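A short write-up of the structure that comes next.
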Amino acid sequence: MTTPFRFITADEDFVPDTVDDDFRMTGTIVSTQNIPQSFLDKVASKRDLQDKQTFSQLTRGDEIEKIHLARIPVAVVSKWHREGFDLFHLIDSGDPNASAIILAKLRADDMAAFQTTSKNF
């Protein structure tokens, strides 16, 4: 029997700032997500495992998509999207530098704990 996956979802709340006479509102969407230590431990374990392997062991020839780069929580992906960084568009774009851009974004935002590899691409 396999262990079921538990998805960690993000909670979003709308915090109203103003309401005008026509009941139009302005406000802020606040997104929160509880990241348990067990999630970070699994990411660190995967990072340690991949860092011990050679590049050829990770890719098994030219199947480079087998390398696991990161486990990025939904709240982070949503935050980036609101800031104009569309992770899914970047992945689908076919940009050969997508991996490096994603890893650089994680490091720039001080979120390297979500990286499952310390290797540079």
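The numbers here are math on the coordinates, done by the rules we state, and not lab data. These numbers were taken from a predicted model, which means no experiment stands behind them. Glycine also receives a Cβ, built like all others from the backbone with ideal geometry; neighbour counts cover every protein chain displayed.
Given R₀ = 35 Å, FRET efficiency for residue 89-residue 41 by Cβ-Cβ distance, to 0.05?
Details: r = 31 Å, r/R0 = 0.87.
About 0.70, to the nearest 0.05.
Please list the non-local residues whose amide H lies under 5 Å from the amide H of residue 70, H modeled 1.01 Å from N, same-chain partners needing a gap of 5 or more.
116
What whole-number distance in Å separates the alpha-carbon centres of segment 94-121 and segment 13-50?
Value for the Cα centre distance between the two parts: 20 Å.
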